[in-house]
Amino acid sequence: MNETAPPSSASSRWGLKTKIILSMLLVGLLPLVVGLGMAFWQGSQEIREVSGESFKALATEAARKLDLIVVEEIAHTARIANDPTIIRELEHRRDAQSNSRASTDVEQRWMSRNKATVKAITDNPLSVLLHDYFSGIHSPPGQLLPQVVRSSTKMLFLTDTQGALVGTMTDHPAFRHRDTRWWQGAFNKGVGKLFIEDIHFDEKVNAYVFTISLPIMDSLRHGAVGVLHRVIDAKEFFSPSTQAIRFGKTGHVMLIDTNGIVISCPILPTGVPLSDSSLIPLITPNHPGWVQASSDGHGGHATSVIGFAPLPETSRATNGSLDQGSWHSFVWQSSDELFAPIQHLFSWVLMFGVVAIMLLASLGYLAAGRIVTPVRELQQAAQAIGRGALEQPIQISTGDELEDLAGEFNRMNAQLKAAFAGLTDQVKLKTQEVHVLQQSTDQILDAVPTPILLIDTHEVVQYINQAGRESFSAKGTLPGTSLFSILPLDTAQQKRLQAEFRANGDAPLTTAVSTQETTPRDPLMPSTDHEPAEHPSQLQIGSRIYRYQWFRLPARPGGEDSIGLVLRDTTDESRLHDQLVQAEKSGSLGVLTAGIGHELNNPLFSIIGLGEVMQDAQDLEMIKSYAKDIVAHGRRMTAIIRDFTGVIDRETSDKPIAVSMENIVDQALATAQTTVDMTALVIHKHYAGTTPILVLPDQLRQALVNLLANAAQAMNGHGTLTLTTAVVDKMVITTIADTGPGISKQHLSKVFDPFFTTKGQGEGSGLGLTVARRLIRKFGGDIRIESHEGQGTVCSVTLPISSSPSPQGGPWTTAASHSEPQSLHSS
């Protein structure tokens, strides 16, 4: 019994024990990880929800307190604006006819800080009254202005109906305020309206401020007689309220406006925008809430939970007069501090998972030991059976499937010993049969007269038959020689063969000896440039020409396929073909010469006769008539030579261009009308629209002129000529139908032969249809003639439709058919 290959070592693969332990770990670990992950995720979400709701409640409460502070300051300012003394003084100023020049002089002295003028304004009764209100003299008992309010108020002054300064606590204000936004908003065209100017930097007080402007209404509350304006330092005013609210190490409350500009914050300076502009629309809605954002607005980019709430009472008290929108409270705490409980929860979850994995690994190790030991005994027994060295039966007593498996091993060992008893003799017999079959195959291949080579994937010849060795002088060549050492090819042929070999090494070969269909060729048709000079599956080896064919030879199991190359010597066939082609050319040349002689002799004899007559003629008019006839015969000879050689007007470019088939037909019709009388013909046109084709326009037009001239001449100047275009399967079919006498059956098969014509002497050269078919075939089309004697003739020209754009650059369109009958009376 042959020995089997030893199994791979245990170090190169996982053992059963390891797999059992890993399986138990996976079975226990998967639900553990899912459970712990769900618990961690749920705990994190709850912490975020609790923190968010707490921040929302804190932001709402902070907004309410800040609301009360702002509304209270509006009320304090309103008590000053409602003072009867101030109202009477401003009414008096309104009613008095003021001198504008005097007002301008006061303004100039105020701007130049004239001491008398400054003292006159800052110490007048209105200014003194503002000082009294500000110091608390006119405040109700127990309602003195807090120190914070007094210190944060940087300017408090009054203006009249012209926006001029009439009273102030300090000398900071400008004199004229009529064009300022706050004055126009508060005065409101005399109607009066509370106006709060949003946070901005005031250079006069060198601080970020907001302002409260109240109209001073007249005694009847009918119209505004002035404006009371108060400038408040935003940070100094709001800081006592916002900085008092702190929680944890970093948690605090801040106040921002709709544009994210900081009004008051314990960390950020007043007037700076939030660092993340994408955060602003999330925290400035018109309702309280909280959001989990990707940044904290303080320059950090960690995930943050932010509570927010608007100051609704301020907006309602100002009746929407806050010019930049609204103010919002902003509650924030550092991400590290906020998510510390989540990190702590994660540490406990991770520790519990590690303990659970250790327990699962221990249990798996114990269970695997009970299973793997009998399995290893079975493995050793199987190896012994493979070597034919198992003498003692396997003894396993586990009382389960493993014990049954050991019994099956014992029965298999007994059957293998009986089966392999005569196997050695059968192997020897089969080996001899394989050798005989290989020798027979070699003899058959050597008897084939065609060279055959078998090549491996490295271009090395594994076998060459007798015909190949004789043809390529490779009698002493041993297997293992390179293919191109045996075949003496030039560089171009070698590269082509190598490319085919590599391309066909990955897929079944499809290249075979070509059997091109040969059809009779028009003797006037010249060879085109795109016809190959040699067959694509042809090799020139020395003086011999070979056609070759690849084939694939399947290899033995586990081996690589071989590529076969069959070469057939076609040298004699090629020479015979060349002789036949030469004979065809000689025959065509004879027909051609006879036709030329026949067609040119008649006009030539006429020219000679007319010339002889002219020698003796005395009448000048007669000589002119003879000369005219000579010119006509000369033009006739020129037309015959032109139709024969196919010489027409050359294109400005030798490349086909995209043109409309219908336009070419119309142009050809116009040209034909100059050579053939069509005045009495009725012409019908049925066009498919504007159909694009890729041709040389002049050559196609010449072909169509020949067809139209034939049709007109067939009707002798009377009848109906029908021109039709139709699109069928990406081809345009142009039909020229006449109502002439038609063509008989015996003549219909010869209409395309050179010099064949049914017309009278001198009426046709017999080359019109021949040249027309040659030109149309040049563009990938063809001509078909259908005719019944006495029923007219139908000529169909088929050409492929072009996908090129129109000459004007616009798309080609196909319009509906139309009929255009016309009776021609002049060309």
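The values are calculated or read from the model by the stated rules, or taken from the named source; none is laboratory data. Model, not experiment: these values are computed from the prediction. Heads up, the Cβs are rebuilt from the backbone with ideal geometry, glycines too, and the neighbour counts pull from every protein chain shown. These accessible areas exclude ligands, DNA and RNA; they are computed on the full protein's heavy atoms, side chains included. Shrake-Rupley method; radii C 1.70, N 1.55, O 1.52, S 1.80 Å.
Summary table below
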read-out: Unique residue being at pLDDT 75 or above and surrounded by 13 or more Cβ atoms within 10 Å (Cβ to Cβ) when the list is 378, 366, 429; value: 378
read-out: All positions within segment 692-720 that are under 14 Å from residue 735 (Cα atoms), surrounded by 20 or more Cβ atoms within 10 Å (Cβ to Cβ) and β-branched (Val, Ile, Thr); value: 705
read-out: Selected residue (only one of 214, 165 is touching a residue at least 60 places away in the same chain (Cβ under 8 Å) and either part of a loop (DSSP other than H, G, I, E, B) or of a type in the set (A, V, I, L, M, F, W, C) (or both)); value: 214
read-out: Count of segment 28-44 residues which are β-branched (Val, Ile, Thr), more than 12 Å from residue 350 (Cα to Cα) and surrounded by 13 or more Cβ atoms within 10 Å (Cβ to Cβ); value: 0
read-out: Those residues of segment 670-700 which are part of a helix (DSSP H, G or I) and farther than 18 Å from residue 726 by Cα, in sequence order; value: 670, 671, 672, 673, 697, 698, 699
read-out: Sole residue being of a type in the set (Gly, Ala, Ser), at pLDDT 80 or above and surrounded by fewer than 20 Cβ atoms within 10 Å (Cβ to Cβ), chosen from 315, 275, 304; value: 275
read-out: Within segment 538-550, considering residues that are at negative phi and open to solvent by less than 70 Å² (accessible area, probe 1.4 Å), the one nearest to the chain's Cα centre (by Cα); value: 550
read-out: Some residue of segment 748-768 being at pLDDT below 85, crowded, with 19+ Cβ neighbours inside 10 Å and not in a loop (DSSP other than H, G, I, E, B); value: yes
read-out: Selected residue (criterion: most open to solvent (accessible area, probe 1.4 Å)) from residues of segment 776-800 that are in a strand (DSSP E or B) and of a type in the set (D, E, K, R); value: 784
read-out: Selection within segment 52-83 - open to solvent by 20 Å² or more (accessible area, probe 1.4 Å) and hydroxyl-bearing (Ser, Thr, Tyr); value: 54, 60
read-out: Residue, modelled with the lowest pLDDT, within segment 322-345, restricted to residues that are outside any helix (DSSP H, G or I) and among the hydroxyl-bearing types (Ser, Thr, Tyr); value: 334
read-out: Residue 282 being aliphatic (A, V, I, L, M) and open to solvent by 60 Å² or more (accessible area, probe 1.4 Å); value: yes
read-out: Count - residues of segment 154-173 that are in contact with a helix residue (DSSP H, G or I) (Cβ under 8 Å, 6 or more places away or on another chain), open to solvent by 20 Å² or more (accessible area, probe 1.4 Å) and within 14 Å of residue 230 (Cα to Cα); value: 3
read-out: Among residues of segment 106-127, those that are surrounded by 13 or more Cβ atoms within 10 Å (Cβ to Cβ) and part of a helix (DSSP H, G or I), counted; value: 11
read-out: Test result for residue 275, more than 20 Å from residue 55 (Cα to Cα), hydroxyl-bearing (Ser, Thr, Tyr), assigned to a strand (DSSP E or B) and free of Cβ contacts under 8 Å to residues at least 60 places away in the same chain; value: no
read-out: Test: residue in segment 726-739 that is at pLDDT 75 or above, open to solvent by 40 Å² or more (accessible area, probe 1.4 Å) and over 30 Å from residue 694 (Cβ atoms); value: yes
read-out: Test: residue in segment 413-422 that is surrounded by 11 or more Cβ atoms within 10 Å (Cβ to Cβ), out of contact with any helix residue (DSSP H, G or I) (no Cβ under 8 Å at 6 or more places or on another chain) and under 28 Å from residue 559 (Cβ atoms); value: yes
read-out: Restricting segment 199-228 to residues that are among the polar types (S, T, N, Q) and farther than 20 Å from residue 74 by Cβ, the residue that is least open to solvent (accessible area, probe 1.4 Å); value: 219
read-out: Residues of segment 229-259 satisfying the condition of being surrounded by fewer than 22 Cβ atoms within 10 Å (Cβ to Cβ), of a type in the set (Lys, Arg) and assigned to a strand (DSSP E or B); value: 246
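Results for (1) among the β-branched types (Val, Ile, Thr); (2) assigned to a helix (DSSP H, G or I); (3) touching a helix residue (DSSP H, G or I) at 6+ places or on another chain (Cβ under 6 Å), shown as yes or no for each residue.
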residue: 347; (1), (2), (3): no, yes, no
residue: 366; (1), (2), (3): no, yes, no
residue: 396; (1), (2), (3): yes, no, yes
residue: 427; (1), (2), (3): yes, yes, no
